[in-house]
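Taking it in order: structure first as structure tokens, then the write-up.
Each reported figure results from applying straightforward, stated rules to the coordinates on display, with no laboratory input. Being a predicted model, the structure only gives us computed values, none of them experimental. All Cβ positions, glycine included, derive from the backbone under ideal geometry; neighbour counts span all protein chains shown.
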Amino acid sequence: QRLSGVEEFRSCILDGEMVAINRTSGRLLPFQSLARRMRDGSDNKSNTTTQETTPPDALQSTPPCDVCFYAFDLLEYNDHRMVQHTLRERRQMLQRIVSPVQGELEIGKEMQLEVGSDRLEEAAQIHATVEDAVRSGCEGLVVKALDGPGSWYRCGERTKNWLKLKKDYVNSIDG
């Protein structure tokens, strides 16, 4: 079943990632910043008595970081499962229904690359994109099929249609 246009928005389920961010600079922060935010705020384990008698602000060793949700995919829209739509269709719908709020809710960046006969040029383009992603604070890229059944979202499965590229992986290929 195809979705025609955008009907009244009621609900959606997004796939994405919550990341720590410096909202002043827009720079992504290391994962540890987010993990620290999720803890009780102290570097050492506190006993229950201390937690009950000490105000939470006094336990904070560093101020909590800001967070931003990066939406990558749309899994459900208005009770309509989207997982058997192509990634291209899901991304188009995601862009129509999500109104980004800088530093709070963003749509993950994408780069489309047609695989053809010039494999060296494509590899160089992918390598440069991984490097750019790492420089901006990301761990790397996820390369996905854009069209056809290979682009359908497979909940809880690892498939050959998604390839995770991190700086360490690319460097080990380079030698």
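Report note on the peptides 136-148, 79-91: ranked by the mean count of other C-beta atoms within 10 Å, highest first, their order is 79-91, 136-148.
By the rule of a C-alpha distance below 20 Å, with chain neighbours fewer than 8 residues away ignored, the lysines paired with K144 are K109, K160, K164, K166, K167. A full extension of the chain between I97 and N78 corresponds to an added length of 5.7 nm, given 0.36 nm per residue minus the alpha carbon distance. In this simple spin-label approximation, L105 and F31 carry label points 7 Å from Cα along the Cα→Cβ vector, and these lie 2.6 nm apart.
Expressed in units of 2.2 N^0.38 Å, where N is the residue count, the Cα radius of gyration of the range 68-128 is 1.41.
With θ taken as phi - 60° and the Karplus curve 6.51 cos²θ - 1.76 cosθ + 1.60 applied, the whole-hertz 3J(HN,Hα) list for the range 99-104 is 9, x, 10, 3, x, 10 Hz, x standing for glycine and proline. Label positions at E17 and A128, each projected 7 Å from the Cα along the C-beta direction, are separated by 2.3 nm.
Please list, in order, the residues from the range 83-103 whose amide nitrogen is less than 18 Å from a point placed 7 Å along the Cα→Cβ vector of V143. Taking a point 7 Å out along Cα→Cβ of V143, the residues of the range 83-103 whose backbone N falls under 18 Å are 87-88. Counted by Cβ distance under 12 Å from L113, the other residues give a net charge of -3, where Lys and Arg count +1 and Asp and Glu count -1. The magnitude of the dipole of the range 64-175, with charges of +1 and -1 set on the Cβ of Lys/Arg and Asp/Glu and taken from the Cα centre, is near 320 debye.
If the only charges are +1 at each Lys and Arg Cβ and -1 at each Asp and Glu Cβ, what is the size of the charge dipole of the range 99-151 around the Cα centre, to the nearest 20 debye?
Using Cβ point charges on Lys, Arg, Asp and Glu, the range 99-151 gives about 100 debye.
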